[in-house]
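Below is one structure, written out as structure tokens; the observations come after it.
Computed from the coordinates by the stated procedures, all read-outs in this text should not be read as laboratory data. Bear in mind the structure is a predicted one, so any value in this text is a computation, not a measurement. We place every Cβ from the backbone using ideal geometry, glycine too, and count neighbours over all the protein chains shown.
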Amino acid sequence: MKKLLASTAVMLALSLPALAQDYTPDPAAKAGGSITITYKDDVATLDPAIGYDWQNWSMIKSLFDGLMDYVPGTTELRPGLAESYEISPDGLTYTFKLRAGVKFHNGREMTAEDVKYSLDRVTNPATQSPGAGFFGAIAGFDAAGEGGLSGVEVVDPLTVKITLSRPDATFLHVMALNFASVVPKEAVDEAGADFGKKPVGTGAFKLAEWTLGQRLVFEKNADYWRAGVPFLDSVVFEVGQEPVVALLRLQNGEVDVPGDGIPPAKFTEVMGDPAQAARVVQGGQLHTGYITLNVGIAPFDKLEVRKAVNMAINKERITQIINGRAVPATQPLPPSMPGYTEGYAGYAYDPEGAKALLAEAGLADGFETDLYVMNTDPNPRIAQAIQQDLAAIGITANIQNLAQANVIEAGGAGTAPMIWSGGMGWIADFPDPSNFYGPILGCAGAAEGGWNWSKFCDEALDAKAIEADSMFDPAQAADRLKLWSDVYVGVMEQAPWIPVFNEERYTMKSERMGGEDALYVDPVSIPVNYDYVWVKQ
Amino acid sequence: MAAYLLRRLIQSALILLGVSFITFFLLYVLPADPVRQIAGRSATAETVENIRQQLGLDKPFIVQYARYLGGLVQGDMGRSYLQKTEVAELIWSRLPATLLLMFGAILCELVLGLTMGIIAALWRGRAVDQVLMVTSFVTVSAPQFVVSLLLLYVFAVKLGWFPIGGYGTFAHLVLPAVTLGILGSGWYSRMMRSSMIDVLRADYIRTARAKGLGRARIVLRHALPNAILPVIAMIGIDIGIFMGGIVVVESVFGWPGIGQLAWQAIQRVDIPIIMGVTLVSAFAIVLGNLLADLVAPWIDPRIKLR
Amino acid sequence: MTVLSAADAPPQGALSRLLRRKLALFGLAIIVLVVAGAVFAPWIAPFAPNDQMFDGLTLEGAPMPPDGKFLLGTDLLGRDLFSRLLYGAQTSLIIGVVANGLALVIGTLVGITAGFYRGWIGGILMRFTDLMMAFPALLLAICLAALFQPSLWIVALVIALVNWVQTARVIFTETSSLATRDFIAAERTLGAGNARILFRHILPHLLPTIIVWGTLGISTTVLLEATLSFLGIGVQPPTPSWGNIIFENQTYFQSAPWLVFIPGAAIILLALAFNLVGDALRDVLDPTQRGRD
């Protein structure tokens, strides 16, 4: 990740449009063709202000663009609809110069007014966007509503100035989120609440057909502003299909990419067959699976107990249960995230030491507690493995195997002593260490209903986090990451979490798919970057 | 007849009202907050409150329920919390698939179940009876997921006779309908067999036989109409099962029915969708029961509509 | 005419009669076997049912097929399937008997009362039944389970609350059909009271139906318990039940068939056993049949 830092820093310093062309699409790529992707769950919406699902995140990425973007297959920022940008010396003003001649799918040219409208819209409480909170640093956010954001100004038709109320080192990442996508006002007004079903953007594809509950067809946007892409004429998404069935269809040549990945039941079969294994693509993802320990519920209010349970979990064994599709974790951040502390050992597996710690806490005979878990495979299995590890040091953990909404409710209300995060876990919204702190480990998230299920709140660490996020200057990037590293090591010293593993992505593609492997494990556009893949005819 | 119908219609409306009230109440007391699902994980407490107010979820239960009913009376089922789409549109787009599968499945169940039941009853105690009854136990004890995957694997993947899931043509309907037909046929064949045996033993059949009527005529004209009565009640029950959602078969065969919609909505506390699906399926069940009761006297004149 | 007499008269020949008894005996033997397995599980089971053994999984994390050490193989967590089946029999039998028994009692009481008395009591009862039946069972189960802490007994209760409706409906239809028959009217003119008619004439006629529903219900109850496990409101892990064993493993029907088909066969065999015994019981209890077999 040193590489990411360097290039981001250079880009910030120069902010030259030339850098936008740092990615060369596959020269061997052929234009044309159509691919089929399957999903189990239905696509809820394609409105970029609302969509926040596994399935629609990458779809929205292909229909819309934001001011910022990522180099395909990487976590490196690159300019999107913005041609260039400047940051004021105090880090409070971002001036974006827009690309000229970019057209929406309805044929109208995109202007600075659209950028302002889109940001006003996503932050307006009436829109009910789940991503509004990301824009908290923009001046006037607290008063956002019908009047719009005071911090976003249109300077001229191709220039937008955004003023922040506090420096935010992650702001460019925020502008690359789906929630910051630029939408045309007239299309939103016309469709009203149905904009999510009739999306109009500037993206590489446009929506051609949507049969609710069955399939969606994206077709190539011939006027796309990035030259040469996309290669595919169309992408067909079929929804409502069981992952096992999707894989059978892939083996039969009817599906090109199974959106939900390779189901555990087929994994050993696929990996055991060299012909199929050759089409499996592996990659890291910005994910951590963890157990929260509620510091407000006895005996997890005692540090020794939290450390003891950290030492009791056999992470290697849990990794084996999910067919080795993960690496054991030592800290909240995944290894591919900037700010990850290399060499930090965390709490090693040591049941004897754990027992000794429990005895120190006056709980030599163990205790009884509840472990909440979401009820989709493999989470109940993982919970049972955790349960067995805890039993080995005398702790009886009763499993509460519930629907997602019930687990989230118990976590937010602070009534769950332990929660296994699987299925609801934290996959980063953007590749920056701050994304793993605020809502899930910071004091803000510890309030009633918040996502900080440990209810852990350390004001000294919070202050450090705020300090780190105000270090917007690229020259300070290394110091900033050091600070974040300290924050997470500080968190681990108090052990409100048991980081269990970082999931690896395993995806599969059909014989005819082309394009480099990185596109199939794109950390941002999951499961695949539709704009750059192609088919061999 | 007209008075009876009117009374039954009023009763049906009351049942639907009762279902809507109980469902709304259960969702209200359910320990899961829909606003949290809408607002996302980065939302502040103010945002959450704001959304709660917009949706009227801060109001007392009775007010919320009255509002919902008010909308319903005007034909408005509300919009999905998470999809923002009209619930009516979501349900409407999936209804044809659900109904098609339901008819296909019930047809398969009846054909398989009634045939097996009648044969078993007529040859009661013989080997054929025992084989059929063992078969019927096996079908009702088989897990849905396993049967659907097996049929899919054998007939679609290996033999290639049918498409591997999907919707649109008759070929797509066959496997899911047959799966459900096989799984449900055991009930019908058991019911049909026991009811047929009872009827065949009744005095009027003895009389008919004493009069020297032919076997086929006795079975078809006299025994069958009476024996089929409990089976009709079962169709009403079946409609309920199908309209309430057949999530497993739908998702294995990628069938775009109501079950998947309901299941996802339940997972995410999307209350308007849950309410909508519940009411639509309740409506279908009530209608099914009403029809079953109306048809009963037509088949068996000894039952009077009261 | 030969066919009809076969349905009506006693089975011809000692051989077929023996065959019938043999089948019932076979069913009874299976039930006894399963009950014994459940009761003596702690002594029979080669391993603890929840012990996730290190050598119970391959290095890739796949379950082990049946072999000398693990008689029926291991599951996805490296637990011995045979031991889990033995202990699972306890759970499944308890749920099958308690939930199904409860559902049958409620359903029969409601159905018979509504069908016999009709009037406003019957009206209210049947409208309530209709109301319950118009409810998607899934939703009802989820709400009930979210409100209570899921446990073995809550699961049994939820299944009973969902299942009684169908029995009630069928019993109601049959009772109202019976109540209009001539022989009931004849009894009335002879001065028979309600209780006498109910218990001496109606109930015996309903027994075959009750038995059919009761026996078939055992297997569906076991399967419903599996579905509840899937919704996260079944018997909570790691407690094994035959339903949740199948459910946990069903997608592995291709790569680890023993995990699906062995417990599947167990459920089917048990259901079959209950049905065979129920069938024989029906012959014994059915008044119209008594003395003729």
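Pairs exceeding a 32 Å alpha-carbon distance, out of A:Lys266/A:Lys302; A:Lys198/A:Lys509; A:Lys40/A:Lys206: A:Lys266/A:Lys302.
Summarising the strand pairing of the protein assembly as shown, around 75 percent of its internal DSSP beta bridges are antiparallel.
If we sort C:191-202, A:192-203 on the protection proxy, mean other Cβ atoms within 10 Å, highest first, what's the order? All intermediate terms of the calculation are to be shown ahead of the outcome.
Numbers: C:191-202: 13.8, A:192-203: 21.2.
Peptide ranking by packing, descending: A:192-203, C:191-202.
Long hydrophobic helices in chain B, taken as whole DSSP H segments with a C-alpha length of 24 Å or more on their own axis and mean Kyte-Doolittle hydropathy at least 1.0: B:2-29, B:87-122, B:271-299. Can you give me the C-alpha center-to-center distance between the range C:35-56 and the range A:48-74, rounded to a whole angstrom? The distance from the Cα centre of the range C:35-56 to that of the range A:48-74 comes to 50 Å. For chain C, a/c is not less than 1.5, where a ≥ b ≥ c are the root eigenvalues of the C-alpha gyration tensor, and a/b does not top b/c. That puts it in the oblate class.
Per DSSP H run of n ≥ 4, the term is -39500 (n - 2.57); total these for the protein assembly as shown, divide by its residue number, and report the mean residue ellipticity at 222 nm rounded to 500 deg cm²/dmol. If you can, show how the numbers build up before the last one.
Numbers: 41 runs with 574 residues, N = 1136.
For the protein assembly as shown, the value works out to -16500 deg cm²/dmol.
Just so you know, the Cα atoms of chain B work out to an Rg and Dmax of 23.7, 85 Å. Cβ crowding within 10 Å ranks A:Val43, B:Val63 as B:Val63, A:Val43, fewest other Cβ atoms first. About the centre of its Cα atoms, the range B:64-222 shows a dipole size close to 760 debye [charges on the beta carbon of Lys, Arg (+1) and Asp, Glu (-1) only; nearest 20 debye]. Taking square-rooted eigenvalues a ≥ b ≥ c of the alpha carbon gyration tensor, is chain A rounded, prolate or oblate, where a/c under 1.5 means rounded and, failing that, a/b exceeding b/c means prolate? Oblate.
Working ranking of peptides A:220-229, B:246-255 by packing, defined as the average number of other Cβ atoms within 10 Å per residue, highest first, is B:246-255, A:220-229. What is the Cα centroid distance between the range C:196-263 and the range B:161-202, reported in whole angstrom? Comparing the Cα centres of the range C:196-263 and the range B:161-202, I get a distance of 20 Å. Remark on A:Ile419: its backbone amide H falls under 5 Å from those of A:Thr292, A:Tyr372, a criterion applied only to residues 5 or more positions apart or on other chains, H modelled at 1.01 Å from N.
Could you work out the local net charge near A:Gly412, counting Lys and Arg as +1, Asp and Glu as -1, over the other residues with Cβ closer than 13 Å to its Cβ?
Numbers: positive: A:Lys455, B:Arg36, B:Arg41; negative: A:Glu409, A:Glu448, B:Asp33.
Neighbourhood net charge equals 0.
What number comes out for the charge environment of A:Arg279, summing +1 per Lys or Arg and -1 per Asp or Glu over other residues with Cβ under 11 Å away? Once positives and negatives cancel, what remains is -2.
Using the count of nearby Cβ atoms within 10 Å as a rough guide to exposure, how do A:Val183, A:Val327 rank from fewest to most?
Numbers: A:Val183 24, A:Val327 16.
Going from least to most buried by this count: A:Val327, A:Val183.
Partner lysines whose Cα lies under 22 Å from the Cα of A:Lys97, excluding those fewer than 8 positions away in the same chain, are identified as A:Lys61, A:Lys116, A:Lys161, A:Lys185.
Other residues with beta-carbon under 13 Å from the beta-carbon of A:Thr341 carry, at +1 per Lys or Arg and -1 per Asp or Glu, a net charge of -2.
For the Cα atoms of chain A, what angle does the longest principal axis make with the long axis of helix A:459-469, in degrees from 0 to 90, nearest 10? The helix A:459-469 is inclined about 30 degrees to chain A.
Starting from the Cα gyration tensor of the protein assembly as shown, take the square roots of the eigenvalues, sort them a ≥ b ≥ c, and report rounded, prolate or oblate (rounded when a/c is under 1.5, otherwise prolate if a/b is larger than b/c, else oblate). Note, shape of the protein assembly as shown comes out prolate. Comparing Cα centroids, the range A:385-401 and the range A:518-537 end up 40 angstrom apart. A Förster radius of 51 Å combined with the Cβ-Cβ distance from C:Phe54 to B:Lys59 puts the calculated FRET efficiency at roughly 0.35.
Database note for the protein assembly as shown: Cys without another Cys beta carbon under 4.7 angstrom, B:Cys108, C:Cys143.
Compared with the dominant Cα axis of chain A, that is its longest principal axis, helix A:351-360 is turned about 70°.
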